[in-house]
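Written below as structure tokens is the structure these notes are about.
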Amino acid sequence: MKKPKRVFLLGASGMGMAPLAFFLRGAGVEVEAFDDYFREPLRSQMLEAGVEVLLEPVPHKKPDYIVHSSAINRSDSRLSLFRGTTSKIYKRGDFLAEYSKSFKTVAIVGSHGKTTTTGMLTWALAKEEFSFSYLVGGRFKEDALPIGNYQNSPWLVLEVDESDGTIGGFYPDITLVLNYDWDHVDEYKEESSLEHTLQGLLSRTKSSVILPGKSDLLSWADENLGVDVSSFEANHSSADFMVSNWEAAKACGRKMGAQLGEESSKSFPGMERRQSVLFEDEHRTILEDYAHHPTEIGSLLASRRKLLPDHWMKVVFQSHRYSRTKAFAQSFAEELGAADELNLLPTYGAFEKYDESGDAESLVGHLPPRLRDKTKVFLDYTSFVDEVYETENPLTPEQVLFVGAGNIDGWAHAFAAIHTHKGDRISAFSHFLSGRLSSSSVLRKDENLASKTTMRVGGKALWYAEPQHTEDLRRLVEASNFFSIPRVMLGRGSNLIIPDEGYHGLVLRLRGDFWNEISSRSDDSFVVGAGSRLKDICRLACHRGLLGFEFLEGIPGTLGGALRMNAGAMGWEIYDLVEWVSFLLPDGSIKEIPGNQLNVGYRFCKEAQEGIALRAKLKAEGRSDHKDIRSAIELLAQKRRASQPREASAGCIFKNPEDKSAGWLIEKSGMKGQRVGNAVVSDVHANFIVNEGGATAEDVISLIQQVRKRVQEEVQVNLEPEVGLLGKKWNDQLS
Ligand code: FAD
């Protein structure tokens, strides 16, 4: 393989791909990386390492290689861009197999414990100051070492993945097989096919193979291989699997010429999500573990029982992938049978389609009858916490084990945070988020909101956040779901009244470069971040000679607010320009919806009410000379200046009833100039209430009530507010 200068990683935040980014960067390769989900602290660590983290799956510079994760199908449209170009497309494992050919590769494989063992070997070699490069498929606890690293050395330590069919390309110098158990049933249709695959890898190994003692593979290797064969004492079926892993790591070190000292094993920090104790007191111990195969679950439960024999064992299990759950339902149920109580969460599908026969419910029938009565299926976190937390201070101390490889880690950490803060969800919320948001994100308590609106009234937000990017936003949404903290979006606050008592929840505001980006496309369109100011979009369109954006000039909001409100002026609405909008949905998924499929009405968009608008593609109506566009904008601005007040306001208070102007109806009802405190119905435009300075939200709200009542009495029209009342419903305020 030609040494790459530039690599584009697609699906870069998984624990297969991310180590590769650090390794390649270390080797001096320019790396651009994209993923739909880019969690912190990984994202910041990548940026720090010099990886270019992209907002879209399109590299800025032409890469020599595109490497995609095994979760991305070869037919994925994001790869089609590169077909027929000189950039070569590789699945992660295939790329690594090729790239590693120029190294003395140490391949660590096995069905269970390979991340921990690779981590142990890496840790111990680093302690010995042995020179080597490595890629580990999991984070060290407290990020004690990076997940991937490059050193100018012939040695490369690799955790090799047997799940995706790429193992056939590896030619290691040393192969360590920890154990093997039938798994990845989509790849290995029967048990023997995994064994054949491992035999293939051993046959391609150049100098040494290390195998579990007394295994069939060891006998086979002794008989069939011409290379050095050695073994280690394996004990994976019992509670002492960490001892076996260390024996295996030491054996591997010896073959590399390094004597690994016992003190390295003692100081080994462990890997994240492997037997991590998240909370401990005299009543409860809360632990999370990545176990997702029946054998691993059996070992974990046995080791925990041995450690805390007097504790009631409550297992919270999320199975990983429908295919695995279906194939091993009986074995899962048998191993889980060691628990005293079981809580099942919906199966984590990874990239598989929903399959009822592999969902959590399907396990219940296989459980021993004793446990069946003590098993519950939880679909959402809140009901889980409500039920399980309530039994705090149980008579018997208990250990709560969160087990699985999906997104159960969020549940585990949130549950631990609730315990740490003794049920105080508000403190637990910020505790949970610490270290999970990028450092430049803002999360503040008791933030004044009046100054963040154009009306300049109202109180404080309990929590106020400015996420730096989508992943931060997703984290905040997830945390607010976990701790039942209501949330609301704030744009420029040009269509909002903040109540004097503020908002007892989380106010989210999309500020900063990520959200303000307006990128031009060759088809006379822009892809615009939801935090962008409408006037900036208008200005750029004018500069580029693009028609259709002129009406945005005097609307003082952001794109996000405009999409939610379907903002419009002079006969135009924002959705006249929209090609698609991408939304963050309440369940954390991101969906790009074409404009013509959105439910849009007068000052309303259903999807933006339910989700959070992230970005949109806005397409011009055509082209014209930028001087002509500028003149048209200036004309609109003059009209506005003549017809709208200059003082602080929230724009039009009421929607225009069909065929009528709300302003005209208010004027006709004699309400122009009406005042409550320092809130006044504008003399310039009766549908504006202005804050003459020092008005309160209460002033504004009672003036709105008075105006509405008078219009009802005078002209028998029920005006509906256009302006929002943060965290409240107008129906509760208006009779
Ligand atoms: P905000 O007022 O902050 O929020 C409005 C709503 O959008 C809220 O419900 C909020 O929760 C929601 N929201 C904000 N961001 C998002 C997001 N990313 N995803 C989902 N929901 C979100 N409006 C017009 O239509 N036409 C006009 O001509 C006009 N002229 C105005 C003139 C003045 C002087 C003023 C003060 C206001 C005017 N407005 C006008 C009202 C206002 O500017 C628009 O409604 C604007 O689109 C609101 O944007 P914002 O960013 O300020 O949103």
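The values are calculated or read from the model by the stated rules, or taken from the named source; none is laboratory data. Keep in mind it's a predicted model, so treat the numbers as computed, not measured. All Cβ positions, glycine included, derive from the backbone under ideal geometry; neighbour counts span all protein chains shown. Calculation scope for accessible area: heavy atoms of the full protein, side chains included, ligands and nucleic acids excluded. Shrake-Rupley method; radii C 1.70, N 1.55, O 1.52, S 1.80 Å.
Look at the stretch 718-733: where a residue is closer than 17 Å to SER669 by Cβ and a partner is aliphatic (A, V, I, L, M) and within 12 Å of the ligand (Cβ to nearest atom), sitting 6+ places away or on another chain with Cβ atoms under 8 Å, you get PRO721/ILE653. The set of residues from the stretch 450-467 being crowded, with 22+ Cβ neighbours inside 10 Å and either basic (Lys, Arg) or in contact with a Phe, Trp or Tyr (Cβ under 6 Å, 6 or more places away or on another chain) (or both) comprises just one member, ALA461. If I filter the stretch 498-532 down to residues being in a strand (DSSP E or B) and aromatic (Phe, Trp, Tyr), which single residue comes out as farthest from the ligand (Cβ to nearest atom)? Here the answer is PHE526. Residues in the stretch 233-247: is at least one closer than 18 Å to ALA124 by Cβ and surrounded by fewer than 19 Cβ atoms within 10 Å (Cβ to Cβ)? There is at least one residue in the stretch 233-247 that is closer than 18 Å to ALA124 by Cβ and surrounded by fewer than 19 Cβ atoms within 10 Å (Cβ to Cβ). The number of residues in the stretch 418-428 being in contact (Cβ under 8 Å) with a residue 60 or more places away in the chain and crowded, with 22+ Cβ neighbours inside 10 Å comes to 1.
Taken over the stretch 89-112, the criterion of being under 18 Å from VAL209 (Cβ atoms), within 30 Å of the chain's Cα centre (by Cα) and assigned to a helix (DSSP H, G or I) is satisfied by ALA97 alone. Quick check: anything in the stretch 518-537 modelled with pLDDT under 95 and within 25 Å of the chain's Cα centre (by Cα)? Scanning the stretch 518-537 turns up at least one residue that is modelled with pLDDT under 95 and within 25 Å of the chain's Cα centre (by Cα).
Within the stretch 544-577, the set of residues being more than 13 Å from the ligand (Cβ to nearest atom) and in contact with a helix residue (DSSP H, G or I) (Cβ under 6 Å, 6 or more places away or on another chain) comprises GLY545, PHE549. Of the numbered criteria (1) touching a residue at least 40 places away in the same chain (Cβ under 8 Å); (2) part of a strand (DSSP E or B); (3) away from the ligand (no atom under 16 Å from the Cβ), the one ALA461 fails is (3).
Residues in the stretch 651-669 include at least one that is touching a Leu at 6+ places or on another chain (Cβ under 9 Å), open to solvent by less than 60 Å² (accessible area, probe 1.4 Å), of a type in the set (Phe, Trp, Tyr) and closer than 30 Å to ARG487 by Cα. For the stretch 533-560, filtered to residues that are open to solvent by less than 20 Å² (accessible area, probe 1.4 Å) and in a strand (DSSP E or B), the residue that is nearest to ALA648 (Cα to Cα) is THR558. When you look at THR86, is it in a helix (DSSP H, G or I) and hydroxyl-bearing (Ser, Thr, Tyr), yes or no? Judged against the criteria, THR86 is not a match.
Of all residues in the stretch 380-403, those being assigned to a loop (DSSP other than H, G, I, E, B) and either over 19 Å from the mean Cα position of the chain (by Cα) or at pLDDT 95 or above (or both) number 7. Scanning the stretch 138-165 for residues that are surrounded by fewer than 21 Cβ atoms within 10 Å (Cβ to Cβ), of a type in the set (A, V, I, L, M, F, W, C) and part of a loop (DSSP other than H, G, I, E, B) yields ALA144, LEU145. Being within 15 Å of the ligand (Cβ to nearest atom) and of a type in the set (S, T, N, Q) is a property that SER624 lacks.
Close contacts from the stretch 627-653, counting a first residue that is closer than 16 Å to ALA569 by Cβ and a second that is away from the ligand (no atom under 13 Å from the Cβ) and open to solvent by 40 Å² or more (accessible area, probe 1.4 Å), with Cβ to Cβ under 6 Å and a gap of 6+ residues or different chains, come to none at all.
Residues that are touching a Ser or Thr at 6+ places or on another chain (Cβ under 7 Å) and surrounded by 18 or more Cβ atoms within 10 Å (Cβ to Cβ) were ranked within the stretch 256-288; the one that is modelled with the lowest pLDDT is ARG274.
Quick grid of which residues meet (1) touching a Cys at 6+ places or on another chain (Cβ under 9 Å); (2) part of a strand (DSSP E or B); (3) at pLDDT below 95:
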| site | (1), (2), (3) |
| --- | --- |
| MET313 | no, yes, no |
| GLN318 | no, yes, no |
| ARG324 | no, no, yes |
| ALA339 | no, no, no |
| PRO346 | no, yes, yes |
| TYR354 | no, no, yes |
| SER357 | no, no, yes |
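Of all residues in the stretch 686-700, those being surrounded by 15 or more Cβ atoms within 10 Å (Cβ to Cβ) and either more than 16 Å from the ligand (Cβ to nearest atom) or closer than 14 Å to ASN656 by Cβ (or both) number 6.
Per this entry, PRO172 is counted among residues that are open to solvent by less than 10 Å² (accessible area, probe 1.4 Å) and part of a loop (DSSP other than H, G, I, E, B).
Looking at LYS709, is it closer than 16 Å to GLY502 by Cβ and surrounded by fewer than 18 Cβ atoms within 10 Å (Cβ to Cβ)? Against the criterion (closer than 16 Å to GLY502 by Cβ and surrounded by fewer than 18 Cβ atoms within 10 Å (Cβ to Cβ)), LYS709 does not qualify. Would you please list the contacts, defined by Cβ atoms under 7 Å and residues six or more apart or on different chains, that run from a residue in the stretch 204-224 that is within 19 Å of LYS250 (Cα to Cα) and without any contact (Cβ under 8 Å) to a residue 60 or more places away in the chain to a residue that is among the hydroxyl-bearing types (Ser, Thr, Tyr) and open to solvent by less than 10 Å² (accessible area, probe 1.4 Å)? Going by the 7 Å Cβ cut-off, the qualifying pairs are VAL209/THR175. In the stretch 562-654, counting only strands (runs of 3 or more DSSP E) that sit wholly within it, the ones holding 1 or more residues that are at pLDDT below 95 span 590-594. Among residues that are in contact (Cβ under 8 Å) with a residue 40 or more places away in the chain, buried (at least 21 other Cβ atoms within 10 Å of the Cβ) and either in contact with a Gly (Cβ under 7 Å, 6 or more places away or on another chain) or in a helix (DSSP H, G or I) (or both), SER303 is not included. Determine whether the stretch 608-618 contains at least one residue that is surrounded by fewer than 15 Cβ atoms within 10 Å (Cβ to Cβ) and more than 8 Å from the ligand (Cβ to nearest atom). Yes, the stretch 608-618 contains at least one residue that is surrounded by fewer than 15 Cβ atoms within 10 Å (Cβ to Cβ) and more than 8 Å from the ligand (Cβ to nearest atom). In the set GLU296, GLU288, GLU282, only one residue is assigned to a strand (DSSP E or B) and of a type in the set (Asp, Glu); that residue is GLU288.
From the list ARG492, ARG475, the one residue that fits, being under 15 Å from HIS431 (Cα atoms), of a type in the set (Lys, Arg) and not in a strand (DSSP E or B), is ARG475.
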